[in-house]
Amino acid sequence: MGGKTATKVGQSGLDKKTLLNFLHQMLLIRKFEDKAGELYARGKIAGFLHLYNGEEAVAVGAISALEPHDLVITHYRDHGHATARGLDVKRLMAELFGKATGVSKGHGGSMHFFDATLGFYGGWAIVGGHLPLAVGLGLASNYLRKNQVILCIFGDGGTNIGYFYESLNVAKLWNVPVVFLCENNLYGMGTALHRASAIREVYRKAAVFDIPAERVDGMDVLAMREATVKAVAHARGGGGPYFLEAMTYRFRGHSMADPILYRDKSEVEEWKQRDPIILFQQRLREEGVLTPQDLEQMERETDELVADAVKFAEESPEPPLSDLHEDIYANP
Amino acid sequence: MPMITYREALHHALREEMTRDERVLIFGEDVVAYGGAYGVTSGLAKDYGEKRVFDAPIAEGVIAGAAVGAAMGGLRPVAELMTINFALLAADQIINHAAKVMHMFGGQMSVPLVMRAVGGGGAQLASTHSQSLESMFAHVPGLKVVTPATPADGKGLLKSAIRDDDPVLFIEHALLYRVRGEVPEGEHLVALGKAEVKREGKDITLVAYSRMTLVALQAADLLSQEGIEAEVVDLRSLRPLDMETVLASVRKTHRALTVEEAWRSYGIGAEIASRIQEEAFDDLDAPIRRVSGVEVPLPYAKNLEQAAIPDAQRIMKAVKEVLARTGG
Ligand SMILES: Cc1ncc(C[n+]2csc(CCOP(=O)(O)OP(=O)(O)O)c2C)c(N)n1
Ligand SMILES: [Mg+2]
């Protein structure tokens, strides 16, 4: 697993409201995913659906370290990142339903969430394909003096493709403010990390480009936040790119089509012992930040948010057929 | 003859060719535990060992390039690129290397390799995962491009592709894996570059390939109920292209309609139409028409996606328009 031992809530320097908000976001992501999985089974959602269960602490901790004018760019397993960035779960669910009210007007689906107004620059489904884009966004930030940091999220599987190495090299060379965040959940589809990567400690791949790199416990939301705060400060201060490897695990299959024949149930159970939501709840309770009533209320609120999202998605209209011919060129 | 699925037919072809020739090996993304994104290689690693069936990282450039190198080194690799959309990441190796080795080095060496990739839309995978990019690759001399529509052709073409001494891009269709059909057991070869008349008719020739062959056949059945007999030619291979079969059919029906899922501009239909008019202009009673995918990045929403992919209704409408031009 690596990483440091769990950060004490009390030492995090965060107020109660912020801490509870982290838990709220993680719960919301988990419930959204569970509901999406259920709706997929019922045929309400189609295409590829990649759920984020188990990895919630990575998104919530890391994205909490950003300023509103910073950017997030991520891979196709993007629901958690979008939610943590504050995209409206109603419009996310509508996107999964392929409705006109979805964040990408129903054109993108699960893998392609996007909300330019919130600095959420996608949801990209070609593995590794968005890393060069992050470099370009960093270039624009420097050039236009936007003082913007780009958080670029991808999986362990995405660190074996040429784009990854090309992007790290150029990011360092051009000194762009990009925080590369690898969600190492130990598998790319059904292929275990050690079967696909000659180096098992992914952060070491960044070290060869002299990019500061570290491994973080991705099941610990506060550790994720702390590491990302440091990385963002480095990038914003003109230090160039930074690399984080979050050790995490996806509790469900790669996608809804995955029979999960490649890993032991016992391995999954072991990781579930480190469920980031349960771990954080325990710590908040132990240190007296969370009461049973708080939790009950939070459960209720997040249930309602998801239920409202489903209702909104159900009731939203399909995109009009005229949409087919729109948005292809800026100046047709 | 046993009725099996397209997936099983492809699986049998791989199994038989691996048994026949020790130099055949399979590598690519998720071919072992996952059995390939669509299950085609399922069980092969267990039966033939991981020396012959093994996973590669998500690194299409090296998968394709290593296949070229392995072929130069004396092997007959079957590389799995997962989908045609990801073949774009390997396009340099496919186009600049695989397709060039033979001619550029004066015929000293060929590269006997197969790259398998899934193409096509219809599964709501959105625009980067639903493309029909075959014409981009069929454009390139030195490559062979094969697009089977039926289980029997899948098996026969894959076996031939593996035995072929040239690089073959073998494009399967995402919606065909569960389609069943009669497939001969054991040695069943379909020659590369041979089209097939899948249905006879006298009124018009529908030229299709891959899944659109099945849609054209469906349209032909419906048209038949209205007294219109369409002949359906399945190209099966896009390069080499069997114009003989197409021209023979057009000389009989005097009308042609091309059907493709891919975008219309610069496409397969454009090529076929052009060749027909070059070689059989005098046999035509009406202008050739094309039914193609609507020219948009394929959206996720079901209603939009369905509207963008040709179906039997659109084919029927176009057939009637062609016939109307001749008063037929
Ligand atoms: C270039 C490319 N090749 C293959 C795929 C198919 N594919 C989609 S996700 C995936 C696994 C990615 O694993 P990882 O990067 O570890 O992310 P995770 O799914 O574990 O979050 C693969 C092979 C793709 N989308 N893009
Ligand atoms: Mg992974």
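The values are calculated or read from the model by the stated rules, or taken from the named source; none is laboratory data. What you are looking at is a predicted structure, and each value in this text was computed from that prediction instead of being measured. Glycine also receives a Cβ, built like all others from the backbone with ideal geometry; neighbour counts cover every protein chain displayed. Surface areas here come from the heavy atoms of the whole protein model, side chains and all, with no ligands, DNA or RNA. Shrake-Rupley method; radii C 1.70, N 1.55, O 1.52, S 1.80 Å.
A single member of B:THR83, B:THR41 is open to solvent by 10 Å² or more (accessible area, probe 1.4 Å), within 14 Å of another protein chain (Cβ to nearest Cβ) and either in contact with a Leu (Cβ under 6 Å, 6 or more places away or on another chain) or in contact (Cβ under 8 Å) with a residue 12 or more places away in the chain (or both), and it is B:THR83. Would you check if there is a residue in the stretch A:180-191 being within 18 Å of A:PRO241 (Cα to Cα), away from ligand 1 (no atom under 16 Å from the Cβ) and touching a Phe, Trp or Tyr at 6+ places or on another chain (Cβ under 7 Å)? Checked against the condition, which is being within 18 Å of A:PRO241 (Cα to Cα), away from ligand 1 (no atom under 16 Å from the Cβ) and touching a Phe, Trp or Tyr at 6+ places or on another chain (Cβ under 7 Å), the stretch A:180-191 yields no hits at all. Residue check: B:ARG314 meets all listed conditions (1) open to solvent by 10 Å² or more (accessible area, probe 1.4 Å); (2) of a type outside the set (Ser, Thr, Tyr); (3) farther than 16 Å from B:ARG211 by Cβ; (4) touching a strand residue (DSSP E or B) at 6+ places or on another chain (Cβ under 7 Å) but one, namely (3).
Each row is one residue, and each column tells you yes or no for (1) of a type in the set (Val, Ile, Thr); (2) under 23 Å from A:MET256 (Cβ atoms); (3) in contact with a strand residue (DSSP E or B) (Cβ under 8 Å, 6 or more places away or on another chain).
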{"position": "A:MET93", "(1), (2), (3)": "no, yes, no"}
{"position": "A:ALA100", "(1), (2), (3)": "no, no, no"}
{"position": "A:LEU118", "(1), (2), (3)": "no, no, no"}
{"position": "A:ILE126", "(1), (2), (3)": "yes, yes, no"}
{"position": "A:ALA134", "(1), (2), (3)": "no, no, yes"}
{"position": "A:GLY138", "(1), (2), (3)": "no, no, yes"}
{"position": "A:LEU151", "(1), (2), (3)": "no, no, yes"}
{"position": "A:PHE154", "(1), (2), (3)": "no, yes, yes"}
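Which one is least open to solvent (accessible area, probe 1.4 Å) among residues in the stretch B:64-80 that are part of a helix (DSSP H, G or I) and within 15 Å of ligand 1 (Cβ to nearest atom)? Selected residue: B:ALA64.
Among the residues of the stretch B:130-139, some residue qualifies, meaning at least one is open to solvent by 40 Å² or more (accessible area, probe 1.4 Å), at pLDDT 95 or above and under 30 Å from B:VAL101 (Cα atoms).
Residues in the stretch A:103-122 that are open to solvent by less than 10 Å² (accessible area, probe 1.4 Å) and either farther than 18 Å from B:ALA123 by Cβ or of a type in the set (Phe, Trp, Tyr) (or both): 4 in all.
Within the stretch B:152-179, residues that are over 12 Å from B:VAL190 (Cβ atoms) sit with their Cβ atoms under 6 Å from residues that are at pLDDT below 95, at 6+ positions apart or across chains, in these pairs: B:TYR177/B:TYR38.
For A:ARG200, the stated conditions hold: it is open to solvent by 60 Å² or more (accessible area, probe 1.4 Å), within 14 Å of chain B (Cβ to nearest Cβ) and within 16 Å of ligand 2 (Cβ to nearest atom). Consider the stretch A:278-296 and keep the residues that are under 21 Å from the mean Cα position of the chain (by Cα) and surrounded by fewer than 20 Cβ atoms within 10 Å (Cβ to Cβ). The one that is farthest from A:LEU27 (Cα to Cα) is A:LEU279.
From the list A:PHE243, A:PHE154, A:PHE180, the lone residue that is within 14 Å of chain B (Cβ to nearest Cβ), touching a residue at least 40 places away in the same chain (Cβ under 8 Å) and of a type in the set (A, V, I, L, M, F, W, C) is A:PHE154. Of all the criteria given as (1) closer than 22 Å to B:VAL24 by Cα; (2) open to solvent by 20 Å² or more (accessible area, probe 1.4 Å); (3) within 14 Å of another protein chain (Cβ to nearest Cβ), the one not satisfied by B:ALA123 is (1).
The listed residues are B:ALA91, B:ALA66, and the only one of them that is within 14 Å of chain A (Cβ to nearest Cβ), modelled with pLDDT of 95 or more, within 20 Å of the chain's Cα centre (by Cα) and closer than 29 Å to A:TRP124 by Cα turns out to be B:ALA91.
Only one of the listed residues (A:GLY237, A:GLY218) is modelled with pLDDT of 95 or more and open to solvent by less than 30 Å² (accessible area, probe 1.4 Å). That residue is A:GLY218. Of the residues contained in the stretch A:212-230, none is found to be in a loop (DSSP other than H, G, I, E, B), over 15 Å from the mean Cα position of the chain (by Cα) and either within 13 Å of chain B (Cβ to nearest Cβ) or of a type in the set (Val, Ile, Thr) (or both).
Listed here are the residues, each with its yes/no results for (1) in a helix (DSSP H, G or I); (2) of a type in the set (D, E, K, R); (3) within 14 Å of chain B (Cβ to nearest Cβ); (4) touching a Pro at 6+ places or on another chain (Cβ under 9 Å).
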site: A:ILE277; (1), (2), (3), (4): yes, no, no, no
site: A:GLN293; (1), (2), (3), (4): yes, no, no, no
site: A:ARG300; (1), (2), (3), (4): yes, yes, no, no
site: A:GLU314; (1), (2), (3), (4): yes, yes, no, no
site: A:GLU318; (1), (2), (3), (4): no, yes, yes, no
site: A:TYR329; (1), (2), (3), (4): no, no, yes, no
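Whether any residue in the stretch B:8-25 is part of a helix (DSSP H, G or I) and within 11 Å of another protein chain (Cβ to nearest Cβ) is what I want to check. Checking the stretch B:8-25: not a single residue is part of a helix (DSSP H, G or I) and within 11 Å of another protein chain (Cβ to nearest Cβ). Among the residues making up the stretch B:246-270, those that are buried (at least 18 other Cβ atoms within 10 Å of the Cβ) and closer than 24 Å to B:ILE171 by Cα are B:VAL246, B:LEU257, B:THR258, B:VAL259, B:GLU260, B:GLU261, B:ALA262, B:TRP263, B:GLY267, B:ILE268, B:GLY269. Condition (residue is acidic (Asp, Glu), modelled with pLDDT under 95 and either within 12 Å of ligand 2 (Cβ to nearest atom) or not in a helix (DSSP H, G or I) (or both)) applied to the stretch A:250-259: is it met by at least one residue? Checked the stretch A:250-259: at least one residue is acidic (Asp, Glu), modelled with pLDDT under 95 and either within 12 Å of ligand 2 (Cβ to nearest atom) or not in a helix (DSSP H, G or I) (or both). For the stretch A:136-155: of the residues being more than 16 Å from ligand 2 (Cβ to nearest atom) and open to solvent by less than 10 Å² (accessible area, probe 1.4 Å), which is nearest to A:ASN169 (Cα to Cα)? Of everything passing the filter in the stretch A:136-155, A:GLY138 is nearest to A:ASN169 (Cα to Cα). Among residues of the stretch A:71-86 being assigned to a loop (DSSP other than H, G, I, E, B) and open to solvent by 10 Å² or more (accessible area, probe 1.4 Å), the one that is farthest from ligand 1 (Cβ to nearest atom) is A:GLY86.
The test for being at the interface with chain B (Cβ under 9 Å from one of its Cβ atoms) and either under 19 Å from B:ILE58 (Cβ atoms) or surrounded by fewer than 24 Cβ atoms within 10 Å (Cβ to Cβ) (or both) does not hold for A:GLY98.
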